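Please read the structure below before turning to the comments.
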Amino acid sequence: MKKSSGGKELYGMVIDLDKCIGCGACAVACMAENNLAFRYDETDKLKSATWMRLYRLSNGQPYPRTRVVYLPRPCMHCQHHTPCVSVCPVTATQMDEKGIVSQIYSRCIGCRYCMAACPYHVRYFNWWDPVFPKGLENYLNPDISVAMRGVVSKCTFCNHRYQRAKDRAYMEDRRDLKESEYITACTEACPTKAIAFGNLKDPQSQVAKLKKSPKAFRLLEKLGSEPKVYYLSTQDWVRRQGDNVLKEEVARKAS
Amino acid sequence: MAIDRRDFLKFAVGGAVGTMLTPLPWVSMDEAAKWTQRWGPVLQRGGTSFLNSVCRLCPGGCGIRIRLIEQKRAVKIEGNPNHPVNRGGLCPLGLAGLQYLYYEENRIKTPLKRDGARGFGDWRPITWEEALYQITVRLKELREKDLPHTVALVDGEKPGSQSQLLARFLKAYGSPNYIRPFQLSELEEIVTQTLHGVRAGITLDLPRSRYILSFGAALLDGWGNPSWVGQAFQEWRQESQKAKARLVQIEPLASTTASMADEWVAIRPGTEGILALGLAQVMIEKGWFHKELVQARTIGLEGLRDLLNKNYTPDQTAKTTEIPKETIEKLAQDFSSAEQPVALWGKGKGELPISLFEAQAIHILNILAGSINRPGGVYLQPGFPYISWPKLSLDKTAEKGLAQPRLDGAMSPKYPKTGNLACNLFENAARKTPYPVNLLFLNEVNPVFCLGERHFLRALEKIPFVVCFSSFMDETANLADLILPVSNFLERWDDSYNCQGVPFPIYGLTKPVFPPLYDTKSSGETILALAKNLGEKVEEAFPFEKIEEVFKQAARGLFNSKKGRLTDGPLPEAGKYAPAHFESFDKFWEQLVAQGTWYDLENKSEGGKGKWDFSAATLQAPAPRPQSLKEYPLWLIPQSLMLLQSGYLPNPPFLTKYLGEEVLIKNTLVVQIHPETARSLSLSEGSPVEIQSANGRIKALIHLFEGARPGCVFVPLGMGHKAFDPTLKDRGANPYPILDSVVDPQTGMEVAWATRVKIVKV
């Protein structure tokens, strides 16, 4: 296990669920940025490759106290004992020094251990060749290779946008990136600015401040994988679903 | 026969050699290699550049940046961070915009002429010259016969110079029948004309509103301009705000908006207008209204009070709306005591008309609260006054044609305030009253899919020639006689006047990112060519050599106004806005083309000269169509979704991909229903059913949802196309044709929403 070295950068995301209206702009921006294909029928969500997936949570209360909340789910980029990295037999996935968990298609042998290991279902196996119906190969982004059949793909926090920002900084004779110089495609697209993205190690950054908020939580925190994606919600029932506490566990805790 | 060692070896070697001579080992090796080493498409690389433009997919007019590779391949659409409306964000539709440009299967590539019977899909590609010639011959003939008024045009183009061109063409040619399909702004203008005595659009200063009372608008699911509402929603949820904003949603379903709202008021479907008057009654009776403004600007308060006291007391309102009396009183108190409150209307995304009664009832709340032309409230915006067209001189034929009554009956003595009634056009064309239609132009509309299929199909039998401007072979284009392919908004010059619902003037200029991919033209270019072919006065009406000059003329108007600035830098902070100065028009034009958007934050709103008259409002709810509750015991309520387009545009594949399992499973539509209601009909999760109304039936699967009002079934709007690519074609069902509609006696519009249905298990 590689620990992140003491670099100055550690990227993370904070998603404010009180501001998220489930419009799907983040998801569409992600697919457009990262060369994701679509199939004619995508209603089987187990086979639908959606790096940024929208979950619709319901509080299950009777009418008219029912509420739904949308939860966008990118890769959590777990900081501690990254589950997928620790099981990959061919080092096709690794966490780099700035905290981004990568996926290298040309190394991937498609064994799908990482998918079994990931507690968040963020990884998708390409069962088919990605098909771009005639004409649509034109909009493919040259900064990102298209994942071929037989490999696993996942959200990379738009690592290529980091490279682009870094290149620009070097050209301007700078070493460090300024706040929001590098943001993911989903962060940029969000019409309600519910997503914040930045350097968790910079105490002045927006994400570093937001993650300290009393309404912040992470998904399945009890696993100890230290996800770098934080969520904010003022509603208890949303936070409870985030940790996915089983009914028996609540009873055990209470007793 | 004995096989010795020698025979065996001969057989083995011969077999091996034989196998090598067949293609079998090579093909299987090749296949194995392909299976293990299949790579995606090789992407063309090159320098990246960004180009500013304006999105034309909805009337929102958001600023966009297009990422280009080698200046010839568009790879991404992003929001323009300097644009005052979307500020870098963008709705999912805009982000998926390139799928409209590049998806070959959906696009029409050359002009097409019908061979064989209508609707059978036998198309013959023809040249533009031939297509224009065929239209010109017909147009000339009709003019010679003194029948120019029998030409009609239904224009679904968003407000801008291009729709002005089309309207001007019809006028110069001599037909009064330039008709636009329903848009919420149409109803807004009628409301302001009746109540304020001035025709204006209703725009909302949502980011500054502090109490938002939404009567069923799918505010967070695509109502109005999604980016503008998104900006506002973000402001409302800002913790640093002094006064926290409160969003109250009145709706029968736990929709996105109802769930995200601070308060959800579950109402009986179709009684929103009655609730509004109930609130007005409490406000007037208890004196909870803006007395200064109401006294200074309005008349007819006494009459309103008497009427409300008679019919809309809290007890009466509670009975009709099924909302507790206490809630009604509390809503009235909260609304009137809030700082900067606003009430808004337009069910769903506002794609279907509501009754004038309902719109007026809700608008009265804004007047009572003093929210007209005030920060955080409603601004009345009279059109886009910066652009002047050259004077139009008509010839005798045109004058005679224009003197004829309009085919749709709009602006007639019966419906003097209504500007357009597209449904009536088709109905009257079918009956050939007051006169038949000889040539019908359809520009970017799909009446066969949307409300109006029945009327359109009947009318089609009586119209000898239908010309369709469209980018896609949709249900309507498929029935036309001649199709003129329209360039995508990334391939043409275009512009937008104002952003829908935004309370300050904005002009957006769209320029071609590259020449059209196929043999297409914008509808404006086609109109200029047709005018030239017709010659004489019609040609004189269009003194433009090239289509750019139309937009240059608009830009000249902006330059001469000496107002506004461009999106060439970050947005000015509050109170630091100043108009930009340009040395010459050429510099201004150059910058406008580069930046894409002009805006003027110094808002001028219109209040009219006279007094605002309450007595002009219609306070009688239109009677619903009588129907047997026994036969059709449930309410069908159409549901608008952000990820599902329900108008002319097909849903892009990226959006369809994200539709949840509560919308579509495989090829079947999913409808939401309360578990109790389902149980009473012995239905369970996933039951296949048929939903039947008096007008027709659709197939669906049942999804149980606690948040659905008992006795109602919620049906998503937008699936069920019979055209387009396999992500859309024959998937789901289209609820438009089974909706019940009632003609609103005040506006003549067909009001369709909640419909009585029954559910049958299949």
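Here, each number is a calculation from the coordinates, and none is a lab measurement. Just so it is clear, the model here is predicted, and its values are computed rather than measured. Glycine gets a Cβ as well: all are built from the backbone with ideal geometry, and neighbour counts include every protein chain shown.
What number of residues within segment B:251-287 are within 11 Å of another protein chain (Cβ to nearest Cβ) and not in a loop (DSSP other than H, G, I, E, B)? Step through it out loud before you land on a result.
Of the residues in segment B:251-287, the ones within 11 Å of another protein chain (Cβ to nearest Cβ) are B:251-267.
Restricting the remaining residues to those that are not in a loop (DSSP other than H, G, I, E, B) gives B:253, B:256-260, B:263-265.
Result for segment B:251-287: 9.
Kindly indicate whether B:PHE551 is more than 29 Å from the chain's Cα centre (by Cα) and either without any contact (Cβ under 8 Å) to a residue 12 or more places away in the chain or under 30 Å from B:ILE527 (Cβ atoms) (or both). Please lay out each step first, then the result.
Values: more than 29 Å from the chain's Cα centre (by Cα): no; either without any contact (Cβ under 8 Å) to a residue 12 or more places away in the chain or under 30 Å from B:ILE527 (Cβ atoms) (or both): yes.
The answer is no for B:PHE551.
Could you check how many residues of segment A:212-226 are farther than 19 Å from A:TYR70 by Cα and either assigned to a strand (DSSP E or B) or touching a residue at least 24 places away in the same chain (Cβ under 8 Å) (or both)?
4
Check B:GLY61 against each of (1) within 12 Å of chain A (Cβ to nearest Cβ); (2) closer than 28 Å to B:LEU659 by Cβ; (3) touching a residue at least 40 places away in the same chain (Cβ under 8 Å) and name the one condition it does not meet.
Going through the list (1) within 12 Å of chain A (Cβ to nearest Cβ); (2) closer than 28 Å to B:LEU659 by Cβ; (3) touching a residue at least 40 places away in the same chain (Cβ under 8 Å), B:GLY61 breaks only (1).
Which of the residues that make up segment B:707-729 are in contact with a Gly (Cβ under 9 Å, 6 or more places away or on another chain), part of a strand (DSSP E or B) and over 23 Å from B:TYR102 (Cα atoms)?
The answer is B:PRO716, and nothing else.
Take the residues of segment B:661-671 that are within 8 Å of chain A (Cβ to nearest Cβ) and not in a strand (DSSP E or B): which is surrounded by the most Cβ atoms within 10 Å (Cβ to Cβ)? Give the derivation first.
Initial filter on segment B:661-671 (within 8 Å of chain A (Cβ to nearest Cβ)): B:661-662, B:664-667.
Right, trim to not in a strand (DSSP E or B) and you get B:661-662, B:666-667.
Numbers: B:GLU661: 14, B:GLU662: 19, B:LYS666: 10, B:ASN667: 15.
Among them, the one singled out is B:GLU662.
Each row is one residue, and each column tells you yes or no for (1) touching a Ser or Thr at 6+ places or on another chain (Cβ under 9 Å); (2) away from every other protein chain (no Cβ under 14 Å); (3) surrounded by 15 or more Cβ atoms within 10 Å (Cβ to Cβ); (4) touching a residue at least 12 places away in the same chain (Cβ under 8 Å).
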| site | (1), (2), (3), (4) |
| --- | --- |
| B:ARG73 | no, no, yes, yes |
| B:GLY88 | no, no, yes, no |
| B:ILE108 | yes, no, yes, yes |
| B:PRO111 | yes, yes, yes, yes |
| B:ALA117 | no, yes, no, no |
| B:ASP122 | no, yes, no, no |
| B:HIS149 | yes, yes, yes, yes |
| B:GLU157 | yes, yes, yes, yes |
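In segment B:358-406, how many residues are basic (Lys, Arg) and within 16 Å of B:GLN193 (Cβ to Cβ)?
Total satisfying the criteria: 0.
With segment A:7-125 as the region, which helices (runs of 4 or more DSSP H) entirely inside it contain at least 1 residues that are closer than 29 Å to B:GLY732 by Cβ and in contact with a strand residue (DSSP E or B) (Cβ under 7 Å, 6 or more places away or on another chain)?
Working: elements: A:25-33, A:83-87, A:113-117.
It comes to A:25-33.
Right, B:SER227: within 24 Å of the chain's Cα centre (by Cα) and of a type in the set (Ser, Thr, Tyr) or not? Before the answer, list the steps.
On the way: within 24 Å of the chain's Cα centre (by Cα): yes; of a type in the set (Ser, Thr, Tyr): yes.
Taking the combined requirement at face value, the residue satisfies it.
Conditions (1) on the phi < 0 side of the Ramachandran plot; (2) out of contact with any Ser or Thr (no Cβ under 6 Å at 6 or more places or on another chain); (3) of a type in the set (A, V, I, L, M, F, W, C); (4) surrounded by 17 or more Cβ atoms within 10 Å (Cβ to Cβ), marked per residue:
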position: A:GLN94; (1), (2), (3), (4): yes, no, no, no
position: A:GLU97; (1), (2), (3), (4): yes, no, no, no
position: A:ALA116; (1), (2), (3), (4): yes, yes, yes, no
position: A:TYR120; (1), (2), (3), (4): yes, yes, no, yes
position: A:PRO142; (1), (2), (3), (4): yes, yes, no, yes
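Could you tell me whether any residue of segment B:725-742 is without any contact (Cβ under 8 Å) to a residue 60 or more places away in the chain and within 14 Å of another protein chain (Cβ to nearest Cβ)?
Here is the first cut: in segment B:725-742, the ones without any contact (Cβ under 8 Å) to a residue 60 or more places away in the chain are B:726, B:729.
In the following step, the residues that additionally are within 14 Å of another protein chain (Cβ to nearest Cβ) were identified as B:726, B:729.
Within segment B:725-742 (the criterion being without any contact (Cβ under 8 Å) to a residue 60 or more places away in the chain and within 14 Å of another protein chain (Cβ to nearest Cβ)), the answer is yes, since at least one residue qualifies.
Every residue in segment B:382-436 that is over 28 Å from B:ILE506 (Cβ atoms), of a type in the set (Phe, Trp, Tyr) and outside any helix (DSSP H, G or I), please.
Of everything in segment B:382-436, those that are over 28 Å from B:ILE506 (Cβ atoms), of a type in the set (Phe, Trp, Tyr) and outside any helix (DSSP H, G or I) turn out to be B:TYR415, B:TYR435.
Tell me the residue from B:GLU235, B:GLU285, B:GLU292 that is in contact with a Pro (Cβ under 6 Å, 6 or more places away or on another chain), farther than 25 Å from B:PRO716 by Cα and acidic (Asp, Glu), please.
Every option except B:GLU235 fails the conditions.
Out of curiosity, is A:MET115 more than 22 Å from B:GLY79 (Cα to Cα), without any contact (Cβ under 8 Å) to a residue 60 or more places away in the chain and within 10 Å of another protein chain (Cβ to nearest Cβ)? I'd like the intermediate steps shown before the answer.
Values: more than 22 Å from B:GLY79 (Cα to Cα): yes; without any contact (Cβ under 8 Å) to a residue 60 or more places away in the chain: yes; within 10 Å of another protein chain (Cβ to nearest Cβ): no.
Here the answer is no, as A:MET115 does not meet what is asked.
For B:GLU685, all conditions in the list (1) under 30 Å from A:VAL28 (Cβ atoms); (2) away from chain A (no Cβ under 11 Å); (3) not in a loop (DSSP other than H, G, I, E, B) hold save one; what is the number of the exception?
(3)
Residue-by-condition table, conditions (1) buried (at least 24 other Cβ atoms within 10 Å of the Cβ); (2) more than 26 Å from the chain's Cα centre (by Cα):
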| residue | (1), (2) |
| --- | --- |
| B:ARG492 | no, no |
| B:VAL502 | yes, no |
| B:LYS511 | no, no |
| B:PRO516 | no, no |
| B:GLY524 | yes, no |
| B:GLY535 | no, yes |
| B:LYS546 | no, yes |
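Taking segment B:400-454 as the search range and keeping residues that are in contact (Cβ under 8 Å) with a residue 12 or more places away in the chain and of a type in the set (S, T, N, Q), which one is nearest to B:PRO650 (Cα to Cα)?
Going through the qualifying residues, I end up with B:ASN446.
Can you say whether B:VAL467 is surrounded by 20 or more Cβ atoms within 10 Å (Cβ to Cβ), touching a Lys or Arg at 6+ places or on another chain (Cβ under 8 Å), among the β-branched types (Val, Ile, Thr) and closer than 30 Å to B:ALA96 by Cβ, as far as the supplied structure shows?
Numbers: surrounded by 20 or more Cβ atoms within 10 Å (Cβ to Cβ): yes; touching a Lys or Arg at 6+ places or on another chain (Cβ under 8 Å): no; among the β-branched types (Val, Ile, Thr): yes; closer than 30 Å to B:ALA96 by Cβ: yes.
For B:VAL467, the condition - surrounded by 20 or more Cβ atoms within 10 Å (Cβ to Cβ), touching a Lys or Arg at 6+ places or on another chain (Cβ under 8 Å), among the β-branched types (Val, Ile, Thr) and closer than 30 Å to B:ALA96 by Cβ - is not met.
Looking at segment B:554-562, can you tell me whether even one residue there is over 29 Å from the mean Cα position of the chain (by Cα), outside any helix (DSSP H, G or I) and of a type outside the set (Lys, Arg)?
Checked segment B:554-562: no residue is over 29 Å from the mean Cα position of the chain (by Cα), outside any helix (DSSP H, G or I) and of a type outside the set (Lys, Arg).
Please specify each residue of segment B:626-660 satisfying the condition of being within 27 Å of B:GLU189 (Cβ to Cβ), in a loop (DSSP other than H, G, I, E, B) and away from chain A (no Cβ under 13 Å).
Result: B:SER646, B:GLY647, B:TYR648, B:LEU649.
Quick one: count up the residues across segment B:1-56 that are within 53 Å of the chain's Cα centre (by Cα) and not in a helix (DSSP H, G or I).
20
Just name the residue that is surrounded by the most Cβ atoms within 10 Å (Cβ to Cβ) out of those in segment A:145-192 that are more than 12 Å from every other protein chain (Cβ to nearest Cβ), closer than 30 Å to B:SER227 by Cβ and of a type in the set (Asp, Glu).
Across segment A:145-192, the extreme among qualifying residues is A:GLU181.
Report yes if B:TRP35 is facing chain A (nearest Cβ under 10 Å), among the aromatic types (Phe, Trp, Tyr) and either loosely packed, with under 14 Cβ neighbours inside 10 Å or free of Cβ contacts under 8 Å to residues at least 40 places away in the same chain (or both), otherwise no.
Yes; evaluated as a whole, the condition is true for this residue.
Which of the residues belonging to segment B:163-218 are β-branched (Val, Ile, Thr) and part of a strand (DSSP E or B)?
First, the residues of segment B:163-218 that are β-branched (Val, Ile, Thr): B:179, B:190-192, B:194, B:198, B:202-203, B:212.
Selection gives B:ILE179, B:ILE202, B:THR203, B:ILE212.
Just to be sure I understand the filter: pairs with C-beta atoms under 6 Å, separated by 6 or more residues or on different chains, first member in segment A:43-58 and at the interface with another protein chain (Cβ under 9 Å from one of its Cβ atoms), second member β-branched (Val, Ile, Thr) and not in a loop (DSSP other than H, G, I, E, B). Which pairs pass?
A:THR43/B:ILE665; A:ARG56/A:VAL68; A:SER58/A:VAL68
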